[in-house]
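Notes follow the structure.
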Amino acid sequence: QVQLVESGGGSVQPGGSLRLSCTASGIDFDINAMGWYRQTPDQGRELVARLTPAGHTLYPTSLQGRFTISEDKAANTLYLQMNTLKPEDTAVYYCNTQPPVRGTWGPGTQVTVSS
């Protein structure tokens, strides 16, 4: 019953910005912490942002100040604002609960940062 659909990815030059969206069906944002993840061909899937029902956020130290996670609870939509993008941010980005629910990953959205 959980369905996740990510969107908003694209190709951008270094220093550019993107805003990703995730529509989440079957997930109560008032109960579950949510997260954005990314995966590259040579890296495992890693957590890049977390948002708890209480509004607490967590980011890897390397991403603090560049990425911002937020949500619209009424619309069951999760967002990831990405600024000052770097080539190493290139990956497929996914949303899910934190910790993730197995077998519920969406298609992801591709983010490519290159000059």
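For the chain, the per residue solvent-accessible surface stands at 52 Å², with DNA, RNA and ligands left out and a 1.4 Å probe. Based on C-alpha pairs under 8 angstrom that are at least 6 apart in sequence, the chain has a relative contact order of 38 percent. Our summary gives segment 7-66 a relative contact order of 21 percent, counting only alpha carbon pairs under 8 angstrom and 6 or more residues apart. With a cut-off of 14 Å between beta carbons, the residues surrounding A75 carry a summed charge of -3, where Lys and Arg count +1 and Asp and Glu -1. Considered as an equivalent ellipsoid built on the Cα gyration tensor, the chain has semi-axes of 22, 15, 13 Å, the largest given first.
Using a 1.4 Å probe on the protein heavy atoms, what percent of the accessible area of the chain belongs to carbon and sulfur?
Working: 2820 of 5990 Å².
The computed percentage sits at 47.
Charge tally around T40: other residues with Cβ under 15 Å, Lys/Arg +1 each, Asp/Glu -1 each, net -1.
The values are calculated or read from the model by the stated rules, or taken from the named source; none is laboratory data. Just so you know, these numbers come straight off a predicted model, no measurement behind them. Cβ sites come from the backbone with ideal geometry, for glycine too, and all protein chains shown count toward neighbours. Ligands, DNA and RNA are excluded from the accessible area calculation, which covers all protein heavy atoms including side chains. Shrake-Rupley method; radii C 1.70, N 1.55, O 1.52, S 1.80 Å.
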